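Student: Handing you a structure now.
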Amino acid sequence: MSTSRTHRRTRSLLVALLTAVSVAAVPAMIGPSQALAHPPNFISKLSPASGSTVYTTRPTFTWEKQNHSDSYHIVVRCDWGWYCNPGQYYVDTSTSSTSYQAGYLPPYGWYSWRVSGENSDGEGPRGEWWDFCVYCY
């Protein structure tokens, strides 16, 4: 057997061994209660709808209640605007309600928002960003 063939075979065996050890060790590392976790499902957003315009600097965000969600994590960021800072998060909080009213979003700006469910097992999938505009004409 050539040296390069021996190295490839040794490397393949080593990768297989490490993979087997890693997979076997994961349940022991996270514990039995977490191995059977019920993470929250995707959240269905209701409003503001993607591509919409809102005529208030304190919009209310709403979404559907989801099984396995004890609370919801909502984030709102500025994408572009005359008075908002692109990339800045204006909302980054958790709530037990299925709605959240923003404190203040500067007018004439495009924003994106998303929400995810949370419970004792962690945070669920973070759905797609929805964009909306505050006072755009």
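Student: Evaluate the relative contact order of segment 45-134 (contact order divided by residue number), counting alpha-carbon pairs under 8 angstrom at least 6 apart; express in whole percent. Provide the component values of the computation, followed by the final result.
Tutor: Numbers: 215 pairs, mean separation 32.5, N = 90.
36 percent.
Student: Residues with beta-carbon under 13 Å from that of Tyr89, excluding Tyr89: net charge, scoring Lys, Arg +1 and Asp, Glu -1?
Tutor: Working: positive: Arg77, Arg114; negative: Asp79, Asp92.
Net local charge, Tyr89 excluded: 0.
Student: Semi-axes of segment 45-134's equivalent ellipsoid from the Cα gyration tensor, sqrt of 5 times each eigenvalue, largest first, rounded to whole Å? Before the final figure, lay out the partial values.
Tutor: Values: eigenvalues 110, 30, 23 Å².
Working from the Cα gyration tensor, I get semi-axes of 23, 12, 11 Å.
Student: A further question follows. Taking 7 Å along the Cα-to-C-beta vector as the label spot, tell me the Ser112-Ser52 distance in nanometres, rounded to one decimal.
Tutor: Between Ser112 and Ser52, the label points sit 1.9 nm apart.
Student: Also: How much net charge surrounds Gly103 when only other residues with a Cβ under 13 Å from its Cβ are counted (Lys, Arg +1; Asp, Glu -1)? Mind showing how you got there, number by number?
Tutor: Values: positive: Arg58; negative: Asp92.
Overall, the nearby charge balance is 0.
Student: What is the sum of charges, Lys and Arg at +1 and Asp and Glu at -1, for the other residues whose Cβ falls under 14 Å from the Cβ of His68?
Tutor: Details: positive: Lys65; negative: Glu64, Asp70, Glu118, Asp121, Glu123.
For residues surrounding His68, the net value is -4.
Here, each number is a calculation from the coordinates, and none is a lab measurement. The structure presented is a predicted model; accordingly, all values stated were derived computationally and were not measured. Neighbour counts are summed over all protein chains in view; Cβ atoms, including those assigned to glycine, are modelled from backbone coordinates with ideal geometry.
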